[in-house]
1. Round to the nearest 10 and report in Å² the accessible area of GLU239, as given by a 1.4 Å probe over the protein chains' heavy atoms.
2. Give the aspartates and glutamates whose C-alpha is closer than 18 Å to that of LYS79, dropping any in the same chain fewer than 8 places away, or say none.
3. With only Lys, Arg, Asp and Glu charged, each at its Cβ (+1 for the first two, -1 for the last two), find how big the charge dipole of the chain is about the Cα centre; round to the nearest 20 debye.
4. Label-point separation (nm) for ASP215 and SER231, each offset 7 Å from Cα along Cα-to-Cβ?
5. Taking a probe of 1.4 angstrom, what is the accessible area of ILE39 in Å², to the nearest 10?
6. Please report, in debye to the nearest 20, how large the charge dipole of the stretch 100-239 is about its Cα centre when each Lys and Arg carries +1 at its beta carbon and each Asp and Glu carries -1 there.
7. Of ASN213, MET264, VAL248, whose Cα points farthest to the positive end of the dipole of the chain (charges on the beta-carbon: +1 Lys, Arg; -1 Asp, Glu; origin at the Cα centre)?
8. Please identify, among ARG155, ARG240, ARG17, the residue showing maximal mean-square fluctuation in a Gaussian network model of the chain using a 10 angstrom Cα cutoff.
Amino acid sequence: MPGPRYPSLQRLWARSRPKGGIYFFTKSAQSIDPEAADILRRRSLGIALDYVDSDLTLGTSQKADVHVCSSYAQEDRIKTLQAEGAFAPGPTKVILHNPSHDLYSFSVPRRDQFATVYFGTPSITRIPEALVSEITVLDTRNHASFRAALPELARFPLHYCFRKDREISDLLVKPFTKGITAAMCGVNLVSSRDVPDAVRLLGDDYPFFADGNSDAAIMHAHSRAKELFNSPEWAAGLERLAALKEEVSGPALAQRVQELAAIMGFD
């Protein structure tokens, strides 16, 4: 699609699209001209708009026939905003944020040695001073560094999943990508139960949740994971992550896309 600086070209592009399909817009393609969006909608079954982890802005949402949600927490927020009249109407559909394709064949064998890794962008995590020596940080701020870190990742049976405290916007709901990454690796994680979707996807009684994001809560949760390593509780945690892995498998995600198509009238 032509860029937003060329609305007339976007309208020509919309008129040239095949009829009868469903158009799925991700956050990088939401800058479509309103008139072009109307043309595209008339030629198709509709527009599905996936906000992923971007702001839920009303200007964008008005272009959607179905609001695609990358997390249950995001769907809950959209429905609340709709009830308040602060968001465009229309059905919602959860299609969980998929893991990197590099992780679909990745697994960590049972380990006899406890070790913890933070796998992500170092600037957005927070590690209490007392835990710095116990947490290995693998920097994956871009795809090249992500792939380079994968062989090293196999050494760690526990993923550290805490973010820095930040101001939370009602219009920005992040998917539980750290949890999904841990699930694909076949390992346990330590995270706050306050993280969106964490309890929904792993259960309120998942054994290695921290009650909040304070240093004391983080250290207590990590200490518990270390103490219960390879115990029955550890195995129970792995079962929860295995169930989450199934939820983001190829067939499961394909089924959600089929359900989305059915909402839009595709038989």
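The values are calculated or read from the model by the stated rules, or taken from the named source; none is laboratory data. Source: prediction; values computed, not measured. All Cβ positions, even for glycine, are placed from backbone atoms using ideal geometry, and neighbour counts span all protein chains on display. What goes into the accessible areas is simple: the full protein's heavy atoms, side chains included, and nothing from ligands, DNA or RNA. Shrake-Rupley method; radii C 1.70, N 1.55, O 1.52, S 1.80 Å.
1. The accessible area of GLU239 comes to roughly 130 Å².
2. ASP50, ASP53, ASP55, ASP65, ASP170, ASP197
3. Values: 31 positive and 32 negative charges, 218 e Å.
Rounded to the nearest 20 debye, it is 1040 debye.
4. The modelled label-to-label distance comes out at 2.6 nm.
5. That residue has around 10 Å² of solvent-accessible surface.
6. 400
7. The residue sitting farthest along the positive end of the dipole is MET264.
8. The residue with the greatest mean-square fluctuation here is ARG17.
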